[in-house]
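A short worksheet on the structure shown next.
The values are calculated or read from the model by the stated rules, or taken from the named source; none is laboratory data. Note that the coordinates shown come from a computational prediction; the quantities given were computed from them, not determined experimentally. With ideal geometry, Cβ positions are generated from the backbone for all residues, glycine too; neighbour counts draw on all protein chains shown. These area figures cover heavy atoms from the full protein model, side chains too; ligands, DNA and RNA do not enter into them. Shrake-Rupley method; radii C 1.70, N 1.55, O 1.52, S 1.80 Å.
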Amino acid sequence: MNPPADSQVGKAVKAADRAHVFHSWSAQGLIDPLPVAGAEGSYFWDYDGNRYLDFSSQLVNTNIGHQHPKVVAAIQAQAGKLCTIAPGFAVDVRSEAARLIAGRTPGDLDKIFFTNGGAEAVENAVRMARLHTGRTKVLSAYRSYHGATAAAINLTGDPRRWPSDTASAGVVHFWGPHLYRSHFHAETEAQECERALAHLEETIAFEGPQTIAAIILETVVGTAGVLVPPPGYLAGVRDICDRHGIVFVLDEVMAGFGRTGRWFAADHFGVVPDLLTFAKGVNSGYVPLGGVAISSEIAATFDRRPYPGGLTYSGHPLACASAVATINVMEEERIVENADRIGATVLGPGLRELAERHPSVGEVRGFGVFWALDLVKDKATREPLVPYNAAGDANAPMAAFAAACKKNGLWPFVNMNRAHVVPPCTITEAEAKEGLSALDAALSVADGHTTTA
Ligand code: PLP
C-alpha cells in the first residue's frame, strides 16, 4: 500500500517535470501534472497522501490493474535472461506471446506483427491493406481515434486530427451508427443500423469501390464515446467489404483484451475482420507493445514478397514476456469474466440508477468495464453539457465535474461532454461501488449546469 507521504519529493519531481518534460496534447505552460508516487491494483497515489481509485485505467490500458505481482516478476525474470534481441531472430517469449494472442483472436487471424503501440499497429495494418489490394484509399468513421502517427491521425475522426490533417492521406470519413445522436434521424437501433449501412454503401459508390483498400472501425468506439454498434452493423460492414474486395480492419487497441467482458469486442458480434489491431490491454501497458493480427489470406500476400515495414523493437522480449504473463494471469484469475460480471451486475445497473436521479446524465452506454455517461444540459433536447470540442470557460462544467471526482478520490476519464467509466478489468464489486458513490457526488456538480438547475 502507499508509503508515507513526502510532499518535498513530490515538489522536486514536479519541478523537474516542468523544467524538462514536454507533454503530449498540451499547451506546456497551462498544465499541472500530478506527481504520482506509486500504484497498486485499482489505485494510485501522490506524494501528499492522496489516493485515487483509477476509473480511467490510465489511458484505458491497465486492464489487469497496477503492478500485478506475477507480471512484474515475469518482466524481472526476462530482464535477467535476455533484455533485447533483434526482430529477425526466433525467441521463446516472442513465439509464445504470438501463439497466445493468435489463440484468442477471432477466426483465422493467426499471424502477429508486433509493434510498440496502437498507432504503429494502425499504420502497419493500413500499409498491409494497401499492398494487398493495390488500392490507396481508406475509409474511417467520424467519432473515432486511431492514434497520433501520420496515417493513424489522419484516420482519426475527432478534433485531434485537425492540426495534422494534410488532406492528402487517402482517407475518407463517414458516419457510423450512434442512435443517441443519430445522423440518420433514426428512432430505433434497427433503423440506425440499416441507414448507417446504406450511407456507407453510398459513400463507397461515390468514392469508387475499386479505389478503396480498407475500411477501419473501432469495434466499439472508445475515446469518442463508447459507441456500441447496433446488432447487424459490423456484419453488414463485413458483407460490404466482401462484395467490394475491401480489407476490413477492426481496431481493438482500446476494446480488446477483456475490456468489453470478452477477449475481443468482435466476439460479441460474431464478426471476423481481415486485420485486427491491438495494444494497451495485451500487457496492460507494463512495457510498450502493440500489434496487428493478420488473416491467412493477407499473410499469404507476403509469403514470397517482402513486407516493407519493420521496427527495431518489434516483439521486444520484455514486452512479450509481460504479454505472456498478462494473458496467463487473465486466464488463471478469470479476469475477462470478472469484467463481464462487474459490468452486468454492478456498473451497468449502478450507472443506470445514477442516470435516473441525475438530470445531467442523458444516456448510459457500454458493457464490461467500458461505459460512458453522456452528460447533457437538458435530457429532452440532449444538448451536450459542453459544446463539441469546448475549451477554457466553455468547458467549465466538465472541468468542475472532473475536479469533484478527484476531490472524492476518484480519477475519472473525461472527454468532451462525457465521463467514461473504464476501471481495470480486475475491479472488485466493493471498488466499483466506491467509484459509483464518488460519481454520484460529482454528478450533483454537473447537475448544477443543467437547465433544471
Ligand atoms: N486505436 C485506438 C482505438 C485507441 O484508443 C488508441 C489510443 O488510445 C490508439 C489506436 C493509439 O494507440 P497508442 O496511443 O498506443 O499509439
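Some points to look at:
- Of all positions in the range 207-227, none carries a residue that is touching a Ser or Thr at 6+ places or on another chain (Cβ under 8 Å), closer than 30 Å to I342 by Cβ and away from the ligand (no atom under 12 Å from the Cβ).
- Members of the range 205-222 found to be over 16 Å from N154 (Cα atoms) and either touching a residue at least 12 places away in the same chain (Cβ under 8 Å) or part of a loop (DSSP other than H, G, I, E, B) (or both), listed by number: E207, G208, P209, Q210, T211, T219, V220, V221, G222
- Among residues of the range 242-253 that are open to solvent by 10 Å² or more (accessible area, probe 1.4 Å), those with a beta-carbon under 6 Å from a residue that is more than 16 Å from the ligand (Cβ to nearest atom) at least six positions away or on a different chain give the pairs H244/P209.
- Within the range 183-199, restricting attention to residues that are of a type in the set (D, E, K, R) and surrounded by 18 or more Cβ atoms within 10 Å (Cβ to Cβ), the residue that is nearest to D239 (Cα to Cα) is E194.
- Restricting the first member to the range 49-62 and to residues that are over 20 Å from S322 (Cβ atoms) and modelled with pLDDT of 95 or more, and the second to residues that are among the small types (G, A, S) and within 11 Å of the ligand (Cβ to nearest atom), no beta-carbon pair is closer than 6 Å while six or more apart or on different chains.
- Looking only at the range 158-171, and only at residues there that are crowded, with 16+ Cβ neighbours inside 10 Å and not charged (D, E, K, R), the one that is farthest from the ligand (Cβ to nearest atom): G170
- Among residues of the range 166-188 that are on the phi > 0 side of the Ramachandran plot, those with a Cβ under 7 angstrom from a residue that is open to solvent by 20 Å² or more (accessible area, probe 1.4 Å), sequence gap 6+ or separate chain, pair up as G170/T136; G170/K137.
- With respect to the conditions (1) surrounded by fewer than 22 Cβ atoms within 10 Å (Cβ to Cβ); (2) touching a strand residue (DSSP E or B) at 6+ places or on another chain (Cβ under 9 Å); (3) of a type in the set (G, A, S), G176 falls short on a single one, namely (1).
- Test: residue in the range 90-113 that is in a loop (DSSP other than H, G, I, E, B), hydrophobic (A, V, I, L, M, F, W, C) and over 26 Å from the mean Cα position of the chain (by Cα): yes
- Within the set L109, L155, L139, the sole residue that is touching a residue at least 12 places away in the same chain (Cβ under 8 Å) and within 11 Å of the ligand (Cβ to nearest atom) turns out to be L155.
- The set of residues in the range 228-241 that are more than 16 Å from the ligand (Cβ to nearest atom) and either open to solvent by 10 Å² or more (accessible area, probe 1.4 Å) or under 24 Å from N116 (Cα atoms) (or both) comprises P231, G232, A235, G236, R238, D239.
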